[in-house]
Amino acid sequence: MTEHRGMNVQLRQNAQKILEELPQGVDLVVAAKGRSPQEVQEVVEAGVGLIGENYLQDAQAAQPLIGDRVKWHFIGHLQRNKIKKAISMFDMIETVDSLEMAREMEQECARLARVMPVLIEINSGEEAQKFGLSPDDAVAVAQEIARLEWIKLMGLMTMGPRFGDPEESRPYFVKTKDIFDKIKALDVLGVEMRYLSMGMTNSYKVAIEEGANIVRIGSKIFGERKY
Ligand SMILES: *Cc1c(COP(=O)(O)O)cnc(C)c1O
């Protein structure tokens, strides 16, 4: 078991190091996909306050162990038939990618009398295989989401295309920040543009330079994913 203990200490140290290095005002969401509940618990003990889950099953496995010591962000693609479940399990949905999705969430939130903070996901690279709103549609959709009573728009999230060289991600972060600023400048009633979630293991430093105040990091903490 010593090897197991050693691994856990390593995870904690990895998370602590990132927490120490992030500039003031930048939050770490630990991207937990594919990790065991025990691994996630380990980084929570390091002082991490936000866990990002791509899959409801992963969250269902980890939440009983960890509970409300942290806030849970949904960062995956939310299938329509899982909206209800997600509303009851998460503190923020970072990946709203259509008005229809927001409207369905609104119905469930109204039923539960629960306000859900959300981010709009921007497909900043306009990649066919990726989810997210096209940059051209984002402002109009934000204005519509603003009218929903139980959905609180609080910012934007983007993945951007994957590159070996994080510098190549920069234009996509800049583009997303532009949209963020545009929506913020409209000062729409009911919208509070506070969070810009961009950057992962490979790209988070560039993302912070371009205005991210949430970074979502997995492999730099847990090691390479095994699949
Ligand atoms: C997996 C994932 C991350 C983290 O990626 P790493 O490269 O492992 O840091 C961030 N955001 C989303 C949406 C993810 O799916």
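Remarks
- Checked against the criteria, G155 does not count as in a loop (DSSP other than H, G, I, E, B) and either β-branched (V, I, T) or within 16 Å of the ligand (Cβ to nearest atom) (or both).
- Qualifying residues in segment 17-73 (those that are assigned to a helix (DSSP H, G or I) and among the acidic types (D, E)) - the one nearest to A212 (Cα to Cα): E21
- L112 falls short on exactly one of the conditions (1) hydrophobic (A, V, I, L, M, F, W, C); (2) loosely packed, with under 15 Cβ neighbours inside 10 Å; (3) more than 28 Å from F131 (Cα to Cα), and that condition is (3).
- Residue in segment 169-177 that is outside any loop (DSSP other than H, G, I, E, B), touching a Leu at 6+ places or on another chain (Cβ under 7 Å) and either among the small types (G, A, S) or surrounded by fewer than 16 Cβ atoms within 10 Å (Cβ to Cβ) (or both) present: no
- Condition check for G199: within 12 Å of the ligand (Cβ to nearest atom), at positive phi and open to solvent by 20 Å² or more (accessible area, probe 1.4 Å): no
- Single residue of segment 203-227 satisfying the filter (open to solvent by 70 Å² or more (accessible area, probe 1.4 Å) and modelled with pLDDT of 95 or more) that is farthest from the ligand (Cβ to nearest atom): E209
The values are calculated or read from the model by the stated rules, or taken from the named source; none is laboratory data. Quick caveat, the model's predicted, so the values are computed rather than measured. For neighbour counting, all protein chains shown are included, and Cβ atoms are generated from backbone atoms with ideal geometry for every residue, glycine included. All accessible areas refer to the heavy atoms of the entire protein, side chains included, with ligands and DNA or RNA removed. Shrake-Rupley method; radii C 1.70, N 1.55, O 1.52, S 1.80 Å.
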